[in-house]
Amino acid sequence: MLTMQKKAFGVVVVLLLFMVGCTGGRGRPEHALRLAMIPTTDPGKIARESQPLVKYLEKETGSGIELVVPTNYAAVVEAIANDRVDIAYLGGFTFVQASRRAGVLPLVQRERDQNFHSVFITQAKSGINSLADLKGHSFAFGDVNSTSGHLMPAYYMRAANVDQALLAKALYTGGHDATALAVANGKVDAGAMDELVFGNMMKSGKVTPEQVRVFYTTPAFFDYVWAARKGIDPKLSGSFADAMLKLDASNPEHKVLLDLLNATKYLRADGSSYNKLRQAALQEGLLK
């Protein structure tokens, strides 16, 4: 019960931070840059671990930084579409949504985001070895608005003629880490998730090779990107982009931040790179 209360308190804190940060309250610095990040894993954990990035950006941009990590992907799209945040860290699909809805502007992304993959995992001793083997089994996606946790896995599953009943009955765990744990604990037979989150969970021992294994990796696609709201002061978005592009792995202080961000370097982003995701989202009926 105590653990559940702590988790509930953490979610409330994140939500309160999001509400305060997005309403321009009296406590907000006059020249604050409002940032939001999609919750690829636990929101509170992301917010805590991102504090070194916040301090770096404050130093480089000369602006106060307010960072919020809400409890679902859709909240970030709503925030940037309604000018409640200035810059957001989005997945490829949430960027496509926000771009179509509010004309958000792509700024920068990790080099690896231009060649990203989803991994399909199952229990170590499972008889599932291909997409065709999924028939008759249970399956988990992450957030419905996730690129690597839903959109692209579903797209490639349909392309492979995977049983439609499996897709219709799929569990949505809400996050990549939750998907990995659902498979590892036998709640579902298989699931799809972000390749980096899976790799990090394996390295940290949160899941082990004795519990889970990868049985399919998707073709590459563009994914995560930092994007700015339409109408933002170009000097403000420019200072942010320049700060991220400045990160250099040969600089020990920068290397710490890059490791935190699972990055080796940042590159400028181009909205046209997401045409494949737009097509996939339209075919899946997920883009309005």
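List the residue ranges in the chain for DSSP H helices whose C-alpha atoms run 18 angstrom or more along the long axis and whose Kyte-Doolittle average is 1.0 or above. If you can, show how the numbers build up before the last one.
Values: long enough: 2-23 (32 Å, 1.65).
Passing helices, by number: 2-23.
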Using Cα pairs closer than 8 Å and at least 6 residues apart in sequence, work out the relative contact order for the stretch 51-147, in percent. 28
Label ASN185 and ASP83 with points 7 Å out from Cα along Cα→Cβ: what is the distance between them in nm? 4.4
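Quick one: if the Förster radius is 25 Å, what FRET efficiency do ASP248 and VAL214 give, using the C-beta to C-beta distance and rounding to 0.05?
On the way: r = 32 Å, r/R0 = 1.28.
The calculated FRET efficiency here is 0.20.
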Accessible area per residue in Å² at 1.4 Å probe, computed on the chain: 47
Compare PRO153, PRO234, PRO43 in a GNM of the chain, Cα atoms joined below 10 Å, and give the one with the largest fluctuation. PRO234
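So if each residue of separation counts as 0.36 nm, and I subtract the Cα-Cα distance between LYS45 and ARG101, what length gain in nm does that give?
Details: separation 56, 0.36 × 56 = 20.16 nm, distance 2.92 nm.
So the extension gain works out to 17.2 nm.
Ignoring ligands, DNA and RNA, what percent of the accessible area of the stretch 82-217 is carbon or sulfur (1.4 Å)? Provide the component values of the computation, followed by the final result.
Values: 2570 of 5360 Å².
Answer for the stretch 82-217 is 48 percent, counting heavy atoms of protein chains only.
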Take the cross-link list LYS235/LYS255; LYS55/LYS246; LYS59/LYS246; LYS203/LYS265; LYS45/LYS206; LYS135/LYS288 and give me the ones stretching past 18 Å between alpha-carbons. LYS235/LYS255; LYS203/LYS265; LYS135/LYS288
Spin-label point model (7 Å from Cα, Cβ direction): what's the THR264 to LEU167 distance in nm? 3.4
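The values are calculated or read from the model by the stated rules, or taken from the named source; none is laboratory data. Just so it is clear, the model here is predicted, and its values are computed rather than measured. Counting neighbours? That spans all protein chains shown, and the Cβs are built from the backbone with ideal geometry, glycine included. What goes into the accessible areas is simple: the full protein's heavy atoms, side chains included, and nothing from ligands, DNA or RNA. Shrake-Rupley method; radii C 1.70, N 1.55, O 1.52, S 1.80 Å.
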